[in-house]
Amino acid sequence: GSSDTLDLGSSSYILTLANAGATATVFTVLGTLTPGTSTVKYSATNSGGNINVATTTYSSLQFSGAETYVLTGHLTGSNGLSGGVTIDSGATLDVTASNYNMDVAGNWTNNGDFTDQAGTVTLDGSTQQTLSGQMTASSSFNRLTFLNGGAKTFSGHASTTDALTINS
């Protein structure tokens, strides 16, 4: 219920959300999710379409399997990620036509596809962040913003379709 808390702790646990069927929503947060330093891994399949990514507080997110995962709201501010994003081979992360934005304090690893539409990805870590994997063509960033002075390291080519903004 609304007064319940799921505490993932600070032991780098992985909460895997796996479901097969015709449902788009595999994770609903009615109470409080305390992510600690853990990863929430979406690895569901939906025979009827995409999988919704709940708008809540996460440390790190991982997307796995041959599926498209769609944001249902901005992952910014109090819902920004204190960790990183990993998109595994075969998986697609889509910010949707609503152009939801993401704040990421950890690394960005894309071995699948990222559909940024007209959204913004802000890398706001105060320590070094590494961007790796697919970051060109269909996985280009629309707007990519760097904040908070932590070094940003690219391990491959990257492109934006709108703007790259660097702030200290």
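The values are calculated or read from the model by the stated rules, or taken from the named source; none is laboratory data. This structure is a prediction, so every number in the text was calculated from the model and none was measured. Methodologically, a virtual Cβ is constructed for each residue, glycine included, from the backbone with ideal geometry; neighbour enumeration extends over all protein chains shown. The area values use the complete protein model at the heavy-atom level, side chains included, leaving out ligands, DNA and RNA. Shrake-Rupley method; radii C 1.70, N 1.55, O 1.52, S 1.80 Å.
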All positions within region 43-61 that are within 15 Å of residue 73 (Cβ to Cβ) and among the hydroxyl-bearing types (Ser, Thr, Tyr): 55, 56, 57, 58
Among the candidates 23, 34, 45, residue that is under 15 Å from residue 6 (Cβ atoms) and over 16 Å from the mean Cα position of the chain (by Cα): 34
Filter region 104-138 down to residues that are open to solvent by 10 Å² or more (accessible area, probe 1.4 Å) and of a type in the set (Asp, Glu), then give me how many there are. 2
Selection from region 104-115 of residues that are more than 15 Å from residue 83 (Cα to Cα) and part of a strand (DSSP E or B): 113, 114, 115
Segments classed as strands (runs of 3 or more DSSP E), wholly inside region 116-168, with at least 3 members that are in contact with a strand residue (DSSP E or B) (Cβ under 7 Å, 6 or more places away or on another chain) and either closer than 16 Å to residue 75 by Cα or of a type in the set (Phe, Trp, Tyr) (or both): 120-123, 141-146
